[in-house]
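Just so you know, all these numbers are worked out from the coordinates, no wet-lab data involved. Nothing here was measured: the structure is a model prediction, and the numbers come from that model. Positions of Cβ are backbone-derived with ideal geometry, glycine not excepted, and every protein chain shown enters the neighbour counts.
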Amino acid sequence: MYKLFFQLVFRRMDPERAHHLAFRWIRLAVRVPGLRTFVAALLAPRYEELRTEAFGLRMHGPFGLAAGFDKNATAVDGMSMLGFDHIEIGTVTGEAQPGNPRKRLFRLVPDRALINRMGFNNEGSAAVAERLASRTPVFRTVVGVNIGKTKVVPEAEAAADYVKSTERLAEHADYLVVNVSSPNTPGLRNLQATESLRPLLTAVREAADRAVTSRRVPLLVKIAPDLADEDVDAVADLAVELGLDGIIATNTTIAREGLGLKSEPSVVKETGGLSGAPLKARSLEVLRRLYARVGDDITLVGVGGIESAEDAWQRILAGATLVQGYSAFVYQGPFWGRAIHKGLAARLRTSPYATLADAVGADVRKAA
Ligand SMILES: Cc1cc2nc3c(=O)[nH]c(=O)nc-3n(C[C@H](O)[C@H](O)[C@H](O)COP(=O)(O)O)c2cc1C
């Protein structure tokens with residue numbers, strides 16, 4: 001049904017316009033009490049066995065919305081209604097910024113993929129903090145806040161910009177993510193080098209502790225799939241050294257070669273980060289590598305090319321406590337969450353594992 005709608009309506013529209021339209025419908029639906037209860041019961045079924053705990057936070061399940069979909073925290077309840085068990089808002093930058101000029105989002109339909117060069121379009125840390133502060137939640141959900149660097153801030157002053165966002169947003173965040181892996185802010189990914197990442201993460205940790213004294217806000221870092229394997233290991237070691245709570249693997253890729261892309265070469269050539277199905281193999285590989293390195297010391301979040309319950313299950317077996325998605329939602333629509341929950345619960349029931357937590361990393365442990 002959604003696939004037909006996608007072919008007839010969304011596919012003919014500019015992808016960013018389609019996003020805004022879908023977003024508006026979701027936000028409208030969640031305002032109508034009877035409707036939102038009905039939709040949530042239909043699309044966000046709860047399974048006792050999928051209950052998850054990650055970095056001290058309890059969730060209905062392991063499946064969440066990846067950053068970039070709800071950049072300004074305007075649809076937290078709406079996305080929760082659609083079955084996402086945690087919502088990662090952002091990327092939010094220190095200051096508001098418009099992002100790159102349009103057109104900046106492209107569909108690669110034959111590849112079930114997207115290319116985006118949005119460039120962190122967002123309302124900035126002050127406005128988003130205010131919105132989160134005044135929010136009256138309809139559905140109880142975990143809200144992660146993903147922060148990044150304001151484009152005009154020089155790389156050398158990046159830490160101060162992240163600290164500004166942290167000071168404003170930490171108290172409203174169930175967890176915080178330092179995003180150093182988007183390909184669309186010049187120089188951002190250089191911050192993944194440990195000599196830059198160490199002071200940055202230390203500064204954000206200290207700022208979060210200063211800003212919130214009543215609890216310890218979990219801090220995660222989100223990395224790119226394009227890191228060399230040794231750099232993945234270096235980030236993993238640094239995360240352990242600094243006592244980070246989690247690593248999110250992965251962001252979008254700048255790679256195009258060797259992915260067997262079938263879409264129009266003119267679209268494939270667009271600058272930006274590629275997400276969706278072609279990212280699946282590398283994101284899984286990075287996750288496995290991280291789990292082999294950090295084991296259960298640090299919580300891992302698997303994202304990149306997850307389309308089905310089987311994909312989500314594979315990430316859990318590879319070491320992910322939480323899984324996230326974005327691109328497949330565009331192609332599969334509002335029943336996607338339901339399918340993931342149902343399939344995960346079925347897999348767990350027929351697996352040798354008593355709980356979801358027992359399944360985390362089982363494949364990697366077996367191979368060791
Ligand atoms: C249009 C678009 C915008 C995105 N914006 C952000 C962002 O602001 N911050 C971020 O950390 N990741 C962002 N991402 C990356 C996603 O969070 C995710 O890591 C990536 O798309 C891989 O997951 P997927 O294959 O399920 O889409 C964006 C992705 C897309 C498609």
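Values for this structure:
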read-out	value
DSSP loop trypsin sites (Lys or Arg not before Pro) with at most 15 other Cβ within 10 Å excluded, longest remaining stretch of the chain	270-368
Residues in the stretch 89-116 that a label on PHE23 would reach, taking backbone N under 11 Å of a point 7 Å out along Cα→Cβ	90-91
Test item: Cα-centred dipole of the chain, Lys/Arg +1 and Asp/Glu -1 on Cβ, debye	1500 debye
Rough spin-label spacing in nm, given labels placed 7 Å along Cα→Cβ, for ALA362 and GLU195	4.4 nm
Cα convex hull volume per residue for the chain (Å³)	131 Å³
Proximal lysines to LYS269, defined as alpha-carbon separation beneath 19 angstrom and excluding residues fewer than eight positions away on the same chain	LYS103
Inter-probe distance in nm under a simple model that places probes 7 Å from Cα toward Cβ, at ASP233 and GLU206	3.1 nm
Contour excess over end-to-end distance, with Cα ends at ALA41 and ASP14 and 0.36 nm allotted per residue	6.6 nm
When the stretch 1-150 is reduced to its Cα atoms, the Kirkwood hydrodynamic radius in Å	16.7 Å
Relative contact order of the chain, pairs being alpha-carbon contacts under 8 Å that are 6 or more residues apart, as %	18 percent
Linear extension gain, ARG140 paired with THR271, 0.36 nm per residue minus alpha-carbon span	43.4 nm
Label-to-label distance, nm, for residues given as ALA96 and TYR353 (7 Å Cα→Cβ offset)	4.4 nm
Percent of Cα-Cα distances greater than 14 Å, calculated over the stretch 191-279	70 percent
Efficiency of FRET between VAL152 and ALA126 - r from beta-carbon atoms, R0 22 angstrom, step 0.05	0.85
Of LYS222/LYS262; LYS222/LYS342; LYS71/LYS149; LYS262/LYS342; LYS151/LYS222, pairs whose Cα-Cα distance is over 25 Å	LYS222/LYS262; LYS222/LYS342; LYS262/LYS342
